[in-house]
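Notes follow the structure.
Read-outs throughout are calculated quantities, based only on the coordinates presented, and are distinct from any laboratory measurement. Values in this document were obtained by computation on a predicted structure and should not be read as measured data. With ideal geometry, Cβ positions are generated from the backbone for all residues, glycine too; neighbour counts draw on all protein chains shown.
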Amino acid sequence: MSRHDFQIPVTFKHRIVFTRDAFSAGNGCVEELLKEGGGRRAVVLIEQAVALAWPGLEREVQEFFGRTDFDFRGTTVLPGGEQVKGDDGLVRRVWGILDGAHIDRHSYALVIGGGAFLDAVGFATATAHRGVRLVRFPTTTLSQDDSGVGVKCAINGFGKKNWIGAFSVPFGVVNDFRFLHSQDEETRRAGLIEAVKVALVKDGAFFEWIEGNVGALAELVPGVLERCVEQSALLHARHIAEGGDAFETGSSRPLDFGHWAAHKIEAMTKYQVPHGPAVAIGLALDTLYSAEVGLLEKESAMRVLAVLDGLMLGIYHPALDWLEGSGRRRVLAGLDEFREHLGGELTVLLLEDLGRGVDVHEMDEVVLGRCIDVLRERWEDAPAGVGAVVGV
């Protein structure tokens with residue numbers, strides 16, 4: 001029997017735009033982006049919380065398309081938040097909207113909302129006609145500096161985060177900084193954890209910049225916040241484009257530093273602890289562990305915790321101490337789920353310096369327990385208002 005092997009190179013263009021007032025008459029970036037693909041029809045899907053925060057947004061969108069040659073098929077406001085990832089209800093609703101508007105693979109779905117909304121709607125667009133053109137408009141710090149510029153989409157399943165999903169490169173991403181400043185302060189700060197994360201694993205100089213500007217970031221000074229979000233987004237996108245494994249066929253996931261515990265805490269608390277605060281806890285745990293096993297200087301680990309304190313991000317939640325019947329901490333099952341999510345051997349990225357990570361393939365549960373004890377004691381001793389944890 002003969003065998004023929006072929007290598008077929010496949011390339012993707014990942015378009016990311018940073019702007020303000022994207023739908024205004026004087027801003028041509030969205031029209032330019034859409035015309036690049038030569039598409040014909042478009043629908044717009046807006047998360048309900050965004051529509052309430054920006055009551056003129058639907059009118060702006062209508063007026064924008066009125067100035068173009070696109071066949072605009074209308075705007076729909078839909079529920080959002082982490083709960084929309086809990087089942088496939090929103091996905092099926094979006095499928096119906098796309099079908100009713102005759103949105104095909106040469107048409108666009110413009111989706112405006114936070115990370116969970118983009119995830120669920122993105123899974124719907126990725127699976128409609130095997131993929132219609134998705135243009136994301138992330139509206140939160142967390143989605144603008146991380147998930148919104150990524151190439152994944154998912155909903156939760158079987159009690160696990162992001163179990164049902166796909167890799168699907170969006171046609172474009174528009175980071176409109178206007179949306180950043182409509183969130184409540186706690187949500188804006190929480191989203192900065194992904195900037196801290198990517199700095200720790202990719203760019204030590206960026207971490208030092210965050211460290212030097214931690215006061216302004218905590219106060220959410222607009223220019224400083226926007227600069228941080230943009231640099232974080234670019235680092236995430238460059239890793240996807242240049243890291244050699246955009247679709248995670250291997251077992252290494254450097255952009256998921258701190259996430260094995262974060263995802264488990266989210267699921268254990270039924271998402272009462274949102275993604276940002278959960279990542280802060282997971283990042284603190286893996287940073288301390290890195291120091292405890294001799295990979296990272298302890299002084300460096302303390303600098304990381306000081307930044308988290310300065311950003312008013314919590315580093316502990318009682319879920320870290322919840323036990324199984326066997327006496328094992330329940331959160332440690334997150335290591336098993338993290339390995340299973342990709343297959344192969346367990347691969348967790350730890351820190352060997354600020355800005356440089358290293359993959360390890362086992363973690364000592366006794367040492368992790370000691371690190372959790374340290375986080376709990378630090379949290380208990382913190383002044384009021386420092387490191388408050390959602391859901392406690």
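Listed values, structure above:
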item	result
Over segment 251-381: Rg over Rh, Cα atoms, Kirkwood Rh	0.93
Residue-count net charge about residue 162 - beta-carbon cut-off 9 Å; Lys, Arg +1, Asp, Glu -1	+3
For the chain, calculated [θ]222 nm from helices alone, where every DSSP H run of n ≥ 4 adds -39500 (n - 2.57)	-13500 deg cm²/dmol
Extension gain (nm, one decimal) between residue 323 and residue 293, 0.36 nm per residue minus Cα-Cα	8.4 nm
GNM flexibility winner over the chain from 196, 169, 77 (Cα, springs under 10 Å)	77
Residue 360/residue 333 FRET efficiency (R0 22 Å; Cβ-Cβ; nearest 0.05)	0.75
Contour excess over end-to-end distance, with Cα ends at residue 184 and residue 60 and 0.36 nm allotted per residue	42.3 nm
Taking N as its residue count, the alpha carbon Rg of segment 1-159 over 2.2 N^0.38 Å	1.10
Length released on extending from residue 32 to residue 68, taking residue separation times 0.36 nm less the Cα-Cα span	11.9 nm
Cα-centred dipole magnitude for the chain, charges only on beta-carbon of K, R (+1) and D, E (-1), debye, nearest 20	1260
Net dipole in debye of segment 251-381 [+1 Lys, Arg Cβ; -1 Asp, Glu Cβ; about Cα centre; nearest 20]	320
Residues in segment 173-187 reached by a label modelled at residue 20 [backbone nitrogen below 16 Å; 7 Å Cα→Cβ]	175-183
Three-way shape label, segment 114-181, alpha-carbon gyration tensor, a/c 1.5	oblate
Average Cα contact separation per residue, the chain, under 8 Å, 6 or more apart, as relative contact order %	14
Segments 320-328, 38-46 sorted - mean Cβ within 10 Å per residue, highest first	38-46, 320-328
Simple Cβ-charge dipole of segment 115-193, Lys/Arg +1 and Asp/Glu -1, about Cα centre, in debye nearest 20	340
Burial ranking of peptide ranges 81-93, 360-372 (average Cβ count within 10 Å, highest at the top)	81-93, 360-372
Computed over segment 15-182: relative contact order in percent, which uses C-alpha pairs under 8 Å that are six or more apart	27
Value in Å of the Kirkwood radius, where the chain supplies the Cα pairs that are averaged	21.6
Cβ crowding within 10 Å averaged over residues, with 181-191, 285-295, 61-71 ranked highest first	285-295, 181-191, 61-71
Fluctuation leader among 119, 373, 145 - the chain, Gaussian network, Cα springs under 10 angstrom	373
